[in-house]
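Student: The following block contains the structure, expressed as structure tokens.
The values are calculated or read from the model by the stated rules, or taken from the named source; none is laboratory data. Since we're looking at a predicted model, the values are computed, not measured. Positions of Cβ are generated from backbone atoms using ideal geometry, with glycine treated the same way; all protein chains shown enter the neighbour counts.
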Amino acid sequence: MPEGQVSHRNAARFSRCLVGRTIIEAWSTDPRVRVQRLPDRLMGESITAAEARGKHHLLRFASGRVLVSHLMMSGVWHLLDASTTVSRGPVMVGFSVPGYTAILVRCPNVRLVEPGEPLPGIVRSLGPDLLDPEVDPADALPRALTQITPSREIGEAILDQRVISGIGNVYKSESLFLAGVDPWRSVGSITPDEAARIATIAAELLGKGTRQRGAISTYDPPGWLPSYGPSGQRWVYGRARKPCRRCRTPVHVRAQGDTCRNTYWCPACQR
Ligand SMILES: [Zn+2]
């Protein structure tokens, strides 16, 4: 599932392979993208930077245009080298530069922002990015939590990209489990030390996910091989009613917040 670890990994790959190159071919099979003439507008553009902002991808061009995408639940950016045959299946946006082809699939959330036009509001209002080397997670989350309504639940608040960016639904449950914090507690009851612990753990997990080619595998006891599969090994996420890996209490699951995202937790380990 694409969370901040995927956008940062993609940005690093795009920086290595695409920056400094010029688009020689661009296409889309999606009518919503074609109606914006997006492929035509990409043709001839030189790529100057690739950035991740939380879970958003930004590709910047010499003209000042910016291609902004968000992978939502199932989008994927594929980066293929010249030796790989490019499938011509459904594609939101595809483009080639000398040596590489990049293809965005299953992602309805893509937009080419013109020079001088503001970036989408959600990108401008993102909270500190836990994978930004300039951000200290142990300082950023305690500070961010003082700025929001204290009655909000911590499990809902850390998923809100305006509060802190990069954490998606899997890392939310896993970070709160490893920090020993009950997801249903109010933000006002979370101590600065607890907030620092949650953010430090989340940043470590996101960094690990980036190194593990985007896979979210958080539970790697000594002697186990890290799992690179789509599901990976987790402490609580996706393990409803299974015994907690620490105390054997059955793992709970319940929808949380206005977006009703499932939260998994151990009622014995998380207080
Ligand atoms: Zn437990």
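Student: Which condition from (1) surrounded by fewer than 18 Cβ atoms within 10 Å (Cβ to Cβ); (2) part of a helix (DSSP H, G or I); (3) modelled with pLDDT under 95; (4) touching a strand residue (DSSP E or B) at 6+ places or on another chain (Cβ under 6 Å) is the one that Ser15 breaks?
Tutor: The one condition Ser15 does not meet is (3).
Student: Any residue in the stretch 157-171 that is out of contact with any helix residue (DSSP H, G or I) (no Cβ under 6 Å at 6 or more places or on another chain), of a type in the set (Phe, Trp, Tyr) and either modelled with pLDDT of 95 or more or in a helix (DSSP H, G or I) (or both)?
Tutor: no
Student: Here are some residues: Arg16, Arg65, Arg21. Which one is over 21 Å from Cys107 (Cα atoms) and touching a residue at least 12 places away in the same chain (Cβ under 8 Å)?
Tutor: Arg21
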